[in-house]
1. Residue 300 - would you say it is in contact with a strand residue (DSSP E or B) (Cβ under 9 Å, 6 or more places away or on another chain), over 15 Å from residue 365 (Cβ atoms) and surrounded by fewer than 21 Cβ atoms within 10 Å (Cβ to Cβ)?
2. Could you grab me the full set of residues in the stretch 1-18 that are at pLDDT 80 or above and more than 16 Å from residue 54 (Cα to Cα)?
3. Is it the case, given these coordinates, that residue 53 is surrounded by fewer than 20 Cβ atoms within 10 Å (Cβ to Cβ) and either within 34 Å of the chain's Cα centre (by Cα) or modelled with pLDDT under 85 (or both)?
4. Can you tell me which residues in the stretch 11-21 are farther than 14 Å from residue 43 by Cβ and in contact (Cβ under 8 Å) with a residue 24 or more places away in the chain?
5. When you scan the stretch 19-36, how many residues do you find that are over 16 Å from residue 54 (Cβ atoms) and either exposed (fewer than 15 other Cβ atoms within 10 Å of the Cβ) or modelled with pLDDT of 90 or more (or both)?
6. In the stretch 378-388, what residues are in a helix (DSSP H, G or I) and either in contact (Cβ under 8 Å) with a residue 60 or more places away in the chain or over 16 Å from residue 356 (Cα atoms) (or both)?
7. Is one or more of the residues making up the stretch 83-94 in the same structural domain as residue 123 (by TED's automatic domain parsing) and modelled with pLDDT of 85 or more?
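The values are calculated or read from the model by the stated rules, or taken from the named source; none is laboratory data. Predicted, not measured: the structure shown is a model, and the values here were computed from it. Heads up, the Cβs are rebuilt from the backbone with ideal geometry, glycines too, and the neighbour counts pull from every protein chain shown.
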């Protein structure tokens, strides 16, 4: 008895044309059957449990509340196969016991959420590139996994995250919540919460502190212009979040007291941060830190948790120096540290600072733009310096950043050429203080000697 069937790139137009007798079929996968326009005959497979259709016509006519009573999962993916006029009259109905539904198609345009009849059994919902035209979207209470990506999503003031939800991912160009009240009663089983507005997000200000479920580990919010007060009311410090991503805001001063020591992957991008704390070492589990798009006005030495940190993103920060972020790599307790730094988009960066940092710190690798011929030439011989094609930097201007380097090391110690190969034998260097003018004139002979 055939229970599994996968059909690829066949030219049939209907299931009747196949003349198949597979009443016990449980899994059917259809891929790139572009001529298929009629699904009549598929209803004979009433024991079907899993149906996947990729790059074929959508099966409008076969689903209703009395067919495919055993179907547990339905996945549809494809674009260019559906006439938008279908949505002027067709309701999207599904089998009554369906548990998992995934639809990914840009053909679903001008769909009213009232046209979609989700079964109460549904626990996993994924709608990607589907475009809705009505005012409000509703999520049924039994849903455990929700992932929706669409041009616009609007939730009314009564919206609450379904009580059984473990993961909620909402991504839209325009994401609008009429009330923030849903944030005050987060489901106890929530593991992941993403609220992503690529163009604009709207939500009225918080008036009380957020209480996070004990097991939540991943939070992302973008496009809602988070200020310091909102960041404080988010109460991230009292969570056990391992991943925090906050995009777009106006915080001005970064205060580590607002964040949990549990965080491992931490992004504060385009947050209007101008000033950094003296130390981020209390975030002792931090592995990746992104501060991209913040325009730092005053750069003091910043101690980082080098024992755990692997990646540091300082792209588009209008930096003149990278060295203030590297002070912890000189400490005895952080012997043989390794750190990857993305400093692309900083076209005012001091070349001598880069050369000396690479020479002294063996575990440092840097990514920059191709804005300097000397650096580009060095990168050809170095596995630790990567120069990518120059991009237009929206923040490029003659730097007015005030560069203040800590007293615990000599800033001139970062201005003496570059080590080109991360695999070279260890060599004891005698570092002599040099002026910036002298360091800028370092010759190719000095570079060759390093090799």
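1. Against the criterion (in contact with a strand residue (DSSP E or B) (Cβ under 9 Å, 6 or more places away or on another chain), over 15 Å from residue 365 (Cβ atoms) and surrounded by fewer than 21 Cβ atoms within 10 Å (Cβ to Cβ)), residue 300 qualifies.
2. Listed by number, the residues that qualify are 2, 3, 4.
3. no
4. Within the stretch 11-21, 11, 12, 13 qualify.
5. 6
6. Hit for the stretch 378-388 is 378, nothing else.
7. yes
Matching residues to (1) outside any loop (DSSP other than H, G, I, E, B); (2) modelled with pLDDT of 95 or more; (3) closer than 25 Å to residue 356 by Cβ:
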{"position": "246", "(1), (2), (3)": "yes, yes, no"}
{"position": "249", "(1), (2), (3)": "yes, yes, no"}
{"position": "267", "(1), (2), (3)": "yes, yes, no"}
{"position": "274", "(1), (2), (3)": "yes, no, no"}
{"position": "289", "(1), (2), (3)": "yes, yes, yes"}
{"position": "294", "(1), (2), (3)": "no, yes, yes"}
{"position": "315", "(1), (2), (3)": "no, yes, yes"}
